[in-house]
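The values are calculated or read from the model by the stated rules, or taken from the named source; none is laboratory data. Computed from a predicted model, the values in this text were never measured in an experiment. Positions of Cβ are backbone-derived with ideal geometry, glycine not excepted, and every protein chain shown enters the neighbour counts.
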Amino acid sequence: METSVIEKSNQKIEVLSDLEALSHRAASIFVSASRNSIAAKKRFAVAISGGSTPRRLYTILGSETYRDQVDWQSVHFFWADERCVSKDDEASNFKMAFDAFLSKIALPEENIHRIKGEEAPDKAARDYEKEIRRFHGGSEWPEFDLIILGVGEDGHTASLFPGSKAIEETIRLAIPVYLEERKKNRVTLTLPVLNNADQVLFLVAGHSKAAVLSEIFGEAERRKLLPAGLINLVHRNMVWLIDQEAAGKLRGS
Ligand code: 6PG
């Protein structure tokens with residue numbers, strides 16, 4: 001299958017055959033974004049997500065083929081969100097990334113800026129905010145070079161869920177979120193931080209995402225109720241990598 005690409009203003013939507021093709025495409029975007037950023041700013045600050053979709057990308061980035069294509073000394077990893085568990089817990093987003101690739105690449109330990117899920121949620125969020133400010137400097141909104149996000153079946157992204165007060169946050173960089181249905185705490189970057197990234201890369205795969213994607217790319221009224229639909233980088237780059245199953249309900253897919 002050929003990749004179909006739709007470009008509209010600052011948004012590029014690429015439909016790929018399956019998760020494997022999507023993950024390789026994402027790896028190549030990661031490599032070129034890292035090179036551009038390191039050439040321009042001498043650093044590449046990335047915030048990554050958890051969930052099942054990016055795991056294959058992370059494994060590819062840690063593989064022999066890709067390992068040497070990135071100047072890892074200049075790459076700094078942050079997280080878009082974290083579950084409030086210890087860093088050894090199977091649910092930890094840090095653990096997933098560490099096992100898949102961070103443990104396999106030549107990354108200095110101080111380039112890992114994780115959210116301390118083992119702390120009380122508000123403290124973890126405030127400490128994380130301090131760390132982001134220390135790294136980015138100044139009091140303005142931090143500008144990540146790349147943020148990798150996923151989309152939940154309900155339209156959540158990072159740990160910003162539909163109907164949650166967290167979406168309205170306009171001051172803090174990171175906040176705690178309590179998920180009533182799952183009885184779980186998480187910490188997430190806030191919408192203004194996600195929207196201030198230089199580039200956002202969405203990875204979406206599988207049949208179960210088809211309905212929500214058709215809403216995200218559908219009517220504005222519905223879209224704005226979905227956190228993933230609220231990511232709108234004006235004058236910056238947003239790339240959606242979607243597999244054929246997830247693109248099943250998109251018009252013209
Ligand atoms: C997490 C996330 C979350 C995720 C979506 C999609 O920690 O779970 O960061 O926002 O990206 O839920 O998850 P899947 O990739 O598993 O579909």
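Find all pairs meeting these conditions: Cβ atoms under 8 angstrom apart; at least six residues apart or on different chains; first residue within region 74-86 and in contact (Cβ under 8 Å) with a residue 12 or more places away in the chain and among the basic types (K, R); second residue assigned to a strand (DSSP E or B) and within 14 Å of the ligand (Cβ to nearest atom).
R83/K184; R83/N185; R83/R186
Kindly check whether there is at least one residue in region 47-64 that is among the aromatic types (F, W, Y) and closer than 18 Å to V151 by Cβ.
Yes, because at least one residue in region 47-64 is among the aromatic types (F, W, Y) and closer than 18 Å to V151 by Cβ.
Has region 217-227 got at least one residue that is of a type outside the set (D, E) and in contact with a Ser or Thr (Cβ under 9 Å, 6 or more places away or on another chain)?
Here is the first cut: in region 217-227, the ones of a type outside the set (D, E) are 217-218, 220, 222-227.
Narrowing the set further to residues that are in contact with a Ser or Thr (Cβ under 9 Å, 6 or more places away or on another chain) leaves 226-227.
So far as region 217-227 goes, yes, one or more of its residues are of a type outside the set (D, E) and in contact with a Ser or Thr (Cβ under 9 Å, 6 or more places away or on another chain).
Restricting attention to region 123-166, and to residues there that are among the aromatic types (F, W, Y) and crowded, with 21+ Cβ neighbours inside 10 Å, which single residue is nearest to the chain's Cα centre (by Cα)?
So the first thing to find is which residues in region 123-166 are among the aromatic types (F, W, Y), and the list is 128, 135, 141, 144, 161.
In the following step, the residues that additionally are crowded, with 21+ Cβ neighbours inside 10 Å were identified as 128, 144, 161.
Numbers: Y128: 16, F144: 11, F161: 15 Å.
Here the residue is F144.
Between residues in region 23-36 that are closer than 15 Å to T59 by Cβ and residues that are in a helix (DSSP H, G or I), which pairs lie under 6 Å by C-beta distance while being six or more apart or on different chains?
Close Cβ pairs (under 6 Å, with a partner that is in a helix (DSSP H, G or I)) amount to S23/R56; S23/L57; S23/I60; A26/L57; A27/L57; A27/I60; A27/L61; A27/Y66.
For V234, all conditions in the list (1) among the aliphatic types (A, V, I, L, M); (2) surrounded by 18 or more Cβ atoms within 10 Å (Cβ to Cβ); (3) over 17 Å from the mean Cα position of the chain (by Cα) hold save one; what is the number of the exception?
(2)
Scanning region 132-142 for residues that are closer than 22 Å to P121 by Cα and assigned to a loop (DSSP other than H, G, I, E, B), which turns out farthest from the ligand (Cβ to nearest atom)?
It comes out as W141.
What residue, among those in region 179-223 that are of a type in the set (A, V, I, L, M, F, W, C) and surrounded by fewer than 18 Cβ atoms within 10 Å (Cβ to Cβ), is nearest to E82 (Cα to Cα)?
Across region 179-223, the extreme among qualifying residues is L179.
With the structure loaded, tell me whether E169 is modelled with pLDDT of 95 or more, away from the ligand (no atom under 15 Å from the Cβ), within 26 Å of V204 (Cβ to Cβ) and surrounded by 15 or more Cβ atoms within 10 Å (Cβ to Cβ) or whether it fails that test.
yes
Would you point out which residue out of S86, S9, S49 is surrounded by fewer than 16 Cβ atoms within 10 Å (Cβ to Cβ), under 30 Å from A210 (Cα atoms) and either touching an Asp or Glu at 6+ places or on another chain (Cβ under 7 Å) or modelled with pLDDT under 95 (or both)?
The match here is S9.
Quickly run through region 92-117 and pick out the residues that are closer than 29 Å to T170 by Cβ and either loosely packed, with under 15 Cβ neighbours inside 10 Å or within 14 Å of the ligand (Cβ to nearest atom) (or both).
S92, N93, F94, A97, R114, I115, G117
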